[in-house]
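The values are calculated or read from the model by the stated rules, or taken from the named source; none is laboratory data. Remember, predicted model here, so these are calculated numbers, not experimental data. Positions of Cβ are backbone-derived with ideal geometry, glycine not excepted, and every protein chain shown enters the neighbour counts.
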Number of protein chains: 2
Amino acid sequence: MNSLLLKNVVLGGKNVDVLIVDGCFRSIAGRIDVPAEKVIDGGGHLALCAPFFNAHVHAAMTLLRGYADDMELFTWLQEYIWPIEAKLTGEDVYWGTRLAILEMIHSGTVFFADMYWHHDEVIRAVEDTGIRAAVGLLFICADGKLLERNEHANRELLARRDSLSDRILVTYAPHAIYTVAEPVLRDVAEEAAQNNLPIHIHVSETAREVEECRAAHGGMTPIAYLDSLGILGPRTVLAHCVHLTDGDIELIQERRAVIAHMPCSNMKLCSGRFRYHDAVERGGCRIAIGTDGASSNNNLSMLEEVKFAALSAKIESNLPTAGKASDLFAAATRGGAEAYGIDSGVIAEGKPADAMLVELNHPRMIGDYHLEANLVYSADSSCIDTVICAGRVLMEHGRIDGENEVLDAARRCCRRLARA
Amino acid sequence: MNSLLLKNVVLGGKNVDVLIVDGCFRSIAGRIDVPAEKVIDGGGHLALCAPFFNAHVHAAMTLLRGYADDMELFTWLQEYIWPIEAKLTGEDVYWGTRLAILEMIHSGTVFFADMYWHHDEVIRAVEDTGIRAAVGLLFICADGKLLERNEHANRELLARRDSLSDRILVTYAPHAIYTVAEPVLRDVAEEAAQNNLPIHIHVSETAREVEECRAAHGGMTPIAYLDSLGILGPRTVLAHCVHLTDGDIELIQERRAVIAHMPCSNMKLCSGRFRYHDAVERGGCRIAIGTDGASSNNNLSMLEEVKFAALSAKIESNLPTAGKASDLFAAATRGGAEAYGIDSGVIAEGKPADAMLVELNHPRMIGDYHLEANLVYSADSSCIDTVICAGRVLMEHGRIDGENEVLDAARRCCRRLARA
C-alpha cells in the first residue's frame with residue numbers, strides 16, 4: 001500500500017488534512033493522524049487545487065523553442081521547422097519530451113495529449129517521470145496512402161497497449177483532413193469505435209483548410225466533412241477550431257465532441273480567432289485547453305494559456321463578462337481530463353490523486369479574495385509548489401528529481417540540431 | 001565608493017565579468033580581478049539582460065487583485081472598485097505599493113510609472129526598496145476645478161521634489177480628458193514644459209471617450225484635442241491609445257510622443273485593440289509597455305505583457321511577422337526608460353547599472369537559440385534570478401529582503417478592506 005499524507009493544506013478556504021492511498025484520495029478531513037509512507041506539510045499556506053490537463057501538445061518540440069519565430073507560416077514551416085524536425089532522432093524525442101514534462105510539472109500539469117513521432121521514446125519519457133499522457137497513433141498519408149512508418153509504428157503501439165502503465169492511454173491521432181485521405185479517416189472512425197479509444201485531430205485551424213475543404217467536398221466545412229466520415233463523437237477532441245460557422249458549432253455540440261482551444265498558438269501563427277463565447281457560452285460545446293507545441297507558443301504553461309483564453313474570449317466577443325476565470329480553470333483541469341475519458345481533475349474522496357499545491361504566501365496570490373481568479377489572471381509557475389500525479393509526488397517544494405540531467409541532455413540535443 | 005562585481009555572467013553569448021561602481025557599469029571584460037564590496041558569481045549560466053521599465057501602473061491596486069473580475073465596466077467600477085478604493089488609507093497605499101514592488105522585482109522590473117494617490121506613501125515604499133519610479137502629480141477635476149486634495153498633494157510633492165532620491169522622478173499626471181477640465185490641461189502643458197517634467201495621461205482608452213470628445217470639441221479626436229492644448233510632445237506618455245485614427249498616428253509620430261501599450265488591461269476590460277503594426281511598425285510611433293493596475297490585469301509581470309503585446313500585434317494585423325520579439329523586448333526595456341527620460345535600459349559601460357540576471361539553466365530557456373525570443377515568448381518570473389537597480393542588488397538568487405513582512409502586512413490590509 002502506497003500512502004501519502006498532506007497535513008494542513010488549504011481547500012475551499014479551510015485547513016484540512018488529506019490522505020492519499022494507492023493513487024486515490026482516500027479521505028479529506030479537518031485532522032487525519034495515521035501513519036503514511038510520506039508526509040507533506042502545507043503549513044496552512046499551500047492550497048490544494050485540481051491540476052492542469054494539457055489537451056493538445058507536440059511535446060518533443062520543446063527542442064525547437066525559439067528556433068524560428070515571427071515569420072510567415074510557410075517560410076517558418078518549410079525553411080525552418082520541417083528541415084530541423086527531419087533531423088530529430090528517437091533520442092532527441094526522448095529528451096525533448098523529458099524537457100516538456102519538466103516544464104509542464106513546474107507549471108502544475110499532470111497530463112498531456114501528445115501528437116508526435118517515436119511513440120516508444122515518448123512512452124519511455126512518460127514512464128520515467130510518472131506523469132499521465134495520451135499517446136497518439138499518428139496518421140499521415142502520401143498519395144492517398146498511409147505512410148508506411150506510421151502504419152508500422154501504430155501497429156506496434158496497439159500491440160503493446162495492454163502492457164502500458166494505466167497512466168498512459170492511446171488515442172487515434174489522424175493529423176488533419178488535408179494530410180489524411182478520406183478512406184483512412186473512415187477507417188480511423190471505425191477502428192477507434194471498435195477499440196473504444198479517443199480520436200485527436202487538428203481541424204479548422206486555417207482559412208485555407210476551410211476553403212480547400214469546401215471546394216473538394218461539395219461545400220462542406222471541415223467539421224461537416226469529419227461528421228460525414230463518422231469522426232465526430234463524444235470521444236473526439238478537435239484541436240484549434242478557429243474557423244467555425246454557426247452550423248459547425250451546432251454540430252459539435254450535438255455530437256458532444258470536445259474542442260481543444262490553443263489561444264497562444266492561434267495568435268502567434270495568425271491562424272484565426274476562436275469564438276469562445278459563441279461556441280462554449282452560447283453554443284454549449286465542451287471545451288478543453290492545450291498549449292500546442294513549443295515552437296508555436298513558445299512554452300507549455302497552462303497558467304499562461306488560461307489567461308490568454310479568458311482575455312481573448314472577452315476582446316473577441318466584446319463582452320468583459322465572457323471567458324470567466326472559474327470556467328476557464330474548469331476547462332483547463334477537469335475539462336481536459338473528461339475530454340480524454342479520465343475520471344480526474346477534481347479534488348474529492350475516491351478520485352485519482354492528481355493535484356497541485358499552490359503557494360498562497362506569494363506576491364501574485366495577494367489580494368486573496370478569489371483563488372481561481374488569482375490562478376487564471378495572476379499566477380505563474382513560481383506559485384506552484386508541489387505536484388502530485390496518481391498519488392505520486394512529481395515535484396516537492398519546487399524540486400523535481402533529475403532536473404539537471406534533463407536540462408543538460410536537452411541542451412546537447414539542441415546544439416547538435418543547430419549544427420547538423 | 002559602492003562596488004559590485006559580477007563574475008562569469010553571459011552577455012551576447014559570451015562569458016564576461018562586469019564591474020559596477022557607484023551605480024553605473026564601469027567595465028565589462030573577459031576577466032576582471034579587482035576587489036569589490038560585493039561579488040555575485042553567475043557560474044556561466046546567468047545571462048545579463050536589460051531589465052523592464054513599466055510605463056504605466058497604479059501600483060497600490062495590487063490590494064484589489066482578484067477582488068472583482070469578469071464584469072461589465074461600469075458594474076465593476078461603480079459597485080466594486082470605487083467603493084473599495086474609497087476605503088484605502090495611506091497605510092494601505094504604502095503596503096499595496098510594497099507588494100507591487102515585490103512582484104515587479106521578482107519579474108525583472110526596475111522602474112514603474114505610477115499614477116495614484118498618497119504620493120508620500122508611494123515615495124516611502126520606493127525609498128524603502130531601492131527601485132526606480134516616476135510619481136505622478138495627479139489632476140482630477142470636479143465641476144471644472146482641480147480637486148483640492150490634488151492641488152494640495154501636488155504642491156507638497158513639487159516642494160520636496162529636489163530632496164528626493166535621484167531614482168525618483170516626478171511627472172504631471174492629468175488623469176484623462178474626461179476627468180480634467182480644459183484650462184487645467186492647458187496649465188499642465190505649460191507647467192510641465194517650465195519644469196521640464198514628463199506628462200503621463202490616459203487617452204483614447206474607450207470608444208465612449210472618443211465619441212464624447214468628438215461631440216464636445218468640434219469633431220476632434222482625443223489625440224487632436226490634447227495636441228490643441230499643447231500636451232503632445234516628446235516628453236508625453238500616452239497610456240492605452242486603443243482607438244487611434246490614421247491621423248492620430250501621424251500626429252503622435254510628428255510630436256514624438258510615446259504610446260504606453262497595456263494589452264492585458266485592454267483585453268480584459270474590452271477597451272479596444274491597439275493597432276501596433278500601423279502605429280509602430282508602419283507609423284514610426286515611439287512605444288513603451290505597461291501593465292496597468294492589478295485590478296485590470298491582474299499581475300504586474302512585464303514578461304507576460306510582452307508576450308500579450310507580440311501575439312496581439314500579430315492577430316490584430318493578421319501578420320505573423322508583426323510584433324517581433326526583439327522589438328517588444330526593446331520597447332519594454334529601453335523604450336520605457338526613454339519614455340520617461342531615463343538614460344538606461346541597455347547594458348553598456350558608463351550607463352546606469354540596471355539589469356536582471358536570467359537563469360539559462362531552466363526548462364523555459366531551452367532550446368537556447370535566441371535569448372530575446374525565449375524571454376518574450378517563454379520565460380516567466382521563475383527564470384529571473386537576480387535584479388540590480390542603480391548598482392544595488394534588489395533580488396539575489398530569487399530572494400528579496402523583508403518579503404514575508406510585506407506579504408503579511410498586505411494580506412492584513414486586504415482582510416480589513418474586504419470586511420470594512
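Restrict the check to segment A:90-103 and report whether at least one residue is crowded, with 22+ Cβ neighbours inside 10 Å and either at pLDDT below 95 or over 26 Å from A:ARG160 (Cα atoms) (or both). The answer is yes; a qualifying residue exists. Filtering segment B:349-389 to residues that are basic (Lys, Arg) and either at the interface with chain A (Cβ under 9 Å from one of its Cβ atoms) or at positive phi (or both) leaves only B:ARG364. Screening segment B:290-336 for residues that are basic (Lys, Arg) and in contact with a helix residue (DSSP H, G or I) (Cβ under 8 Å, 6 or more places away or on another chain) and picking the one that is surrounded by the most Cβ atoms within 10 Å (Cβ to Cβ) gives B:LYS307. A single entry from B:ARG149, B:ARG132, B:ARG155 fulfils the requirement of being buried (at least 21 other Cβ atoms within 10 Å of the Cβ) and of a type in the set (Lys, Arg): B:ARG132. For the criterion of being closer than 28 Å to A:HIS277 by Cβ, under 18 Å from the mean Cα position of the chain (by Cα) and surrounded by 24 or more Cβ atoms within 10 Å (Cβ to Cβ), B:MET356 fails.
Filtering segment B:114-129 to residues that are touching a helix residue (DSSP H, G or I) at 6+ places or on another chain (Cβ under 8 Å), crowded, with 22+ Cβ neighbours inside 10 Å and of a type in the set (A, V, I, L, M, F, W, C) leaves B:VAL122, B:ALA125, B:VAL126.
Summed over segment A:306-326, the residues that are among the aliphatic types (A, V, I, L, M) and outside any helix (DSSP H, G or I) give a count of 2. Contact map, segment A:111-139: residues that are in the same structural domain as A:VAL237 (by TED's automatic domain parsing) and at positive phi paired with residues that are aromatic (Phe, Trp, Tyr) and in a helix (DSSP H, G or I), Cβ distance under 9 Å, separation 6+ or inter-chain. Pairs shown: A:HIS118/A:TYR94.
Okay, residues lined up against (1) modelled with pLDDT of 95 or more; (2) out of contact with any Asp or Glu (no Cβ under 8 Å at 6 or more places or on another chain); (3) closer than 23 Å to A:ARG282 by Cα:
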residue: A:VAL170; (1), (2), (3): yes, yes, no
residue: A:ALA173; (1), (2), (3): yes, yes, no
residue: A:TYR178; (1), (2), (3): yes, no, no
residue: A:HIS200; (1), (2), (3): yes, yes, no
residue: A:HIS217; (1), (2), (3): yes, yes, no
residue: A:ILE223; (1), (2), (3): yes, no, yes
residue: A:LEU226; (1), (2), (3): yes, yes, yes
residue: A:THR245; (1), (2), (3): yes, yes, yes
residue: A:ILE252; (1), (2), (3): yes, yes, yes
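Scanning segment B:293-317 for residues that are in contact (Cβ under 8 Å) with a residue 60 or more places away in the chain and touching a His at 6+ places or on another chain (Cβ under 6 Å) turns up just one, B:GLY293. Can you find a residue that is assigned to a helix (DSSP H, G or I) and surrounded by fewer than 24 Cβ atoms within 10 Å (Cβ to Cβ) anywhere in segment B:256-276? No, segment B:256-276 contains no residue that is assigned to a helix (DSSP H, G or I) and surrounded by fewer than 24 Cβ atoms within 10 Å (Cβ to Cβ). Within segment B:365-382, the set of residues being touching a residue at least 40 places away in the same chain (Cβ under 8 Å) and touching a strand residue (DSSP E or B) at 6+ places or on another chain (Cβ under 9 Å) comprises B:LEU371, B:GLU372, B:LEU375, B:ALA379.
Of the residues in segment B:337-348, none is over 19 Å from A:GLU305 (Cβ atoms), within 13 Å of chain A (Cβ to nearest Cβ) and crowded, with 24+ Cβ neighbours inside 10 Å. Where residues in segment A:66-89 are hydroxyl-bearing (Ser, Thr, Tyr) and within 24 Å of the chain's Cα centre (by Cα), which of them is surrounded by the most Cβ atoms within 10 Å (Cβ to Cβ)? Residue satisfying both the conditions and the ranking: A:TYR67.
Residue-level check: of (1) part of a helix (DSSP H, G or I); (2) within 14 Å of chain A (Cβ to nearest Cβ); (3) polar (S, T, N, Q), B:GLN253 misses just (2).
Considering segment A:278-319, the residues that are charged (D, E, K, R) and farther than 25 Å from B:VAL306 by Cβ include one that is nearest to the other protein chains (Cβ to nearest Cβ), namely A:GLU281. Can you find a residue that is touching a Lys or Arg at 6+ places or on another chain (Cβ under 9 Å), surrounded by 20 or more Cβ atoms within 10 Å (Cβ to Cβ) and among the β-branched types (Val, Ile, Thr) anywhere in segment B:382-390? Taking every residue of segment B:382-390 in turn, none turns out to be touching a Lys or Arg at 6+ places or on another chain (Cβ under 9 Å), surrounded by 20 or more Cβ atoms within 10 Å (Cβ to Cβ) and among the β-branched types (Val, Ile, Thr).
Restricting attention to segment A:186-231, which residues are charged (D, E, K, R) and either surrounded by fewer than 15 Cβ atoms within 10 Å (Cβ to Cβ) or touching a residue at least 40 places away in the same chain (Cβ under 8 Å) (or both)? Hits for segment A:186-231 are A:ARG186, A:GLU190, A:GLU205, A:ARG208, A:GLU211, A:GLU212. The strands (runs of 3 or more DSSP E) found entirely in segment B:1-52 that carry 1 or more residues being over 27 Å from the mean Cα position of the chain (by Cα) are B:3-11, B:14-21, B:24-29, B:38-41.
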